[in-house]
Amino acid sequence: SRSIEFDQYPSELISSAAVYKSPKASLIEGGVAGTVELETASPLSIDGDYKFSVNARGMFNDRAKEVSDAEEFGHRFSVSYQTKFLDDTLGIALGYARLFQPSVSTQFIGLAYNAEADVDGKVGDIDNVSATCLATDPCAGFEKISEGFEMQHQGGKETRDGYMAAIEWAPTDNFTLKTDLFLSQFDSQEFARGFRVKLGGNQVSITNPVISNNHVIGGTFNRTSGSFTRVELVNDDNQDKDQVFSAGIKASWQATDELSMVFDVSLSKAESNFRNGLLWSLVGEDAAAANPQFDENISISYLLNGLDLPDLAFNQAGAFSDTSRVMVSKYGIYPYENKDELKAYRFDLKYELDNPFLSSFEFGLRYSDREYNNDRSVYEYGNDSAFSVSQPPLRLTPDMVSVVGWKGEYGYFPDYLSIDLDSALNAWFPSGVPQ
């Protein structure tokens, strides 16, 4: 997007920041929310011949121990240097800022209520129900059923490096030429592992339902021939690489005591490569079979407890960490590639007046040209709801996986297999990584 990561700009090299909430003729048009104007430091304005600043900070996340492969420590570091030469007519400012920030979370997410069924058996004649459902929403006498829920470990790390440089030249008292350069490089790696539970829609068999405000918040859900009830073991992997480059030249000339002119040229480029990847697994009857079969004997019991964690039970719980039962059933990757280039030109003229009613006349010209490209690709292999015959599942070996448990208040959730993505893909696609 065109949003700005403000911590990429070392504060030592920013002399002022202004936020304009409404349009102004002297500004190049900004977003709907307003315009933020950052003015870089003027090395010719510093006291003394040079200025040097260093800033270092550390961070610690005590929840990292709850999630496998999560990192505890992060850091921020910035350094800047300003100096001037040639009888204070030439100034240089340099700055660097680095952010390394790990993240970690454990979460339970309830999915949308997007199915309806007569769970309590109080509707009556089915023909009347069908007519009623066409006229009302939700169907009269029907209860809302959730799509399911997710239990996941999430983690990752962000690394961001920002570089700034400014050169300022003032050969005379009434003329200044200033050049600014900025480069930002961003690298993010994130993972999400755990379970995605699909309860099965309105064809699932529900016993001992618990209903609150016409919504089913608990019960035992058993797969039927018409339902898609299942438990997916998810190993999602997201990678993001971004780069932003900006450059500008500004010339300021005080032609007379009354007349001043400013000319500004700028170029901004951005490239982003975001790759959303997933590796999903299902429980089979026997992973060693010549033609492995998806285990359709699925029973899920749960009870929501408001904002507290739910009660959960799975008849397949012992199989979630068993390589003789779990098989990788689907791989998908969804790259987003963006390129953005913006050229802008600006000219301002101001004439001061010695008048009690008008202080000055101002005139300006603005021109900008933006080219934006957004490309998306999709690759999928396998099936997330059963085992595909034409794209068969992958049998896992102990060297590809590690058993992950839950800790803290999530400790009663069942263990599952964390799968090494590269090892699994090399085994599943020996001729090369699919993309």
Go through the stretch 27-42 and give me each residue that's of a type outside the set (A, V, I, L, M), open to solvent by less than 100 Å² (accessible area, probe 1.4 Å) and either more than 28 Å from residue 89 (Cβ to Cβ) or in contact with a helix residue (DSSP H, G or I) (Cβ under 9 Å, 6 or more places away or on another chain) (or both). 30, 31, 34, 35, 40
Hey, any hits in the stretch 369-377 for a residue that's assigned to a strand (DSSP E or B), open to solvent by less than 40 Å² (accessible area, probe 1.4 Å) and either out of contact with any strand residue (DSSP E or B) (no Cβ under 9 Å at 6 or more places or on another chain) or not hydroxyl-bearing (Ser, Thr, Tyr) (or both)? no
Which of (1) open to solvent by 50 Å² or more (accessible area, probe 1.4 Å); (2) part of a strand (DSSP E or B) does residue 357 not meet, given it meets every other one? (2)
Scan (1) part of a strand (DSSP E or B); (2) more than 25 Å from residue 310 (Cβ to Cβ); (3) β-branched (Val, Ile, Thr) for the single condition residue 256 breaks and write down its number. (1)
Scan the stretch 156-172 and tell me whether some residue there is assigned to a loop (DSSP other than H, G, I, E, B) and in contact with an Asp or Glu (Cβ under 8 Å, 6 or more places away or on another chain). no
By residue number, the members of the stretch 341-368 that are among the aromatic types (Phe, Trp, Tyr) and touching a strand residue (DSSP E or B) at 6+ places or on another chain (Cβ under 9 Å) are 345, 347, 351, 361, 363, 367
Among all residue pairs at least 6 apart or on different chains, which show Cβ distances below 7 Å where the first residue, located in the stretch 11-30, is of a type in the set (Lys, Arg) and the second is open to solvent by less than 60 Å² (accessible area, probe 1.4 Å)? 21/34
Of everything in the stretch 199-214, what is crowded, with 16+ Cβ neighbours inside 10 Å and more than 31 Å from the chain's Cα centre (by Cα)? Give them in sequence order. 202, 204, 206, 209
What residue, among those in the stretch 173-193 that are assigned to a strand (DSSP E or B) and of a type in the set (Asp, Glu), is most open to solvent (accessible area, probe 1.4 Å)? 190
Sort out which residues of the stretch 314-332 are assigned to a strand (DSSP E or B) and touching an Asp or Glu at 6+ places or on another chain (Cβ under 8 Å), and write them in order of number. 329, 330, 331, 332
Residues located in the stretch 60-70, provided they are part of a loop (DSSP other than H, G, I, E, B) and either open to solvent by 70 Å² or more (accessible area, probe 1.4 Å) or within 14 Å of residue 407 (Cα to Cα) (or both): 62, 63, 67, 68, 69, 70
Quick check on this structure: which one of 196, 223 is open to solvent by 40 Å² or more (accessible area, probe 1.4 Å), in contact with a Gly (Cβ under 9 Å, 6 or more places away or on another chain), touching a residue at least 40 places away in the same chain (Cβ under 8 Å) and among the basic types (Lys, Arg)? 223
Since residue 238 meets every condition but one in (1) farther than 30 Å from residue 341 by Cβ; (2) open to solvent by 30 Å² or more (accessible area, probe 1.4 Å), which condition does it not meet? (1)
What residue, among those in the stretch 302-351 that are of a type in the set (D, E, K, R) and more than 30 Å from residue 28 (Cα to Cα), is most open to solvent (accessible area, probe 1.4 Å)? 308
Just checking, does the stretch 44-58 include any residue being surrounded by 16 or more Cβ atoms within 10 Å (Cβ to Cβ) and either assigned to a loop (DSSP other than H, G, I, E, B) or of a type in the set (Gly, Ala, Ser) (or both)? yes
Which number in (1) at pLDDT 95 or above; (2) assigned to a loop (DSSP other than H, G, I, E, B) marks the one condition that residue 290 misses? (1)
Take the residues in the stretch 378-427 that are part of a helix (DSSP H, G or I) and open to solvent by less than 30 Å² (accessible area, probe 1.4 Å); name whichever of them is farthest from residue 279 (Cα to Cα). 410
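The values are calculated or read from the model by the stated rules, or taken from the named source; none is laboratory data. Because the structure is a prediction, the values reported are computed rather than measured. Here the Cβ is made from the backbone with ideal geometry for all residues, glycine too, and neighbour counts use every protein chain on show. The area values use the complete protein model at the heavy-atom level, side chains included, leaving out ligands, DNA and RNA. Shrake-Rupley method; radii C 1.70, N 1.55, O 1.52, S 1.80 Å.
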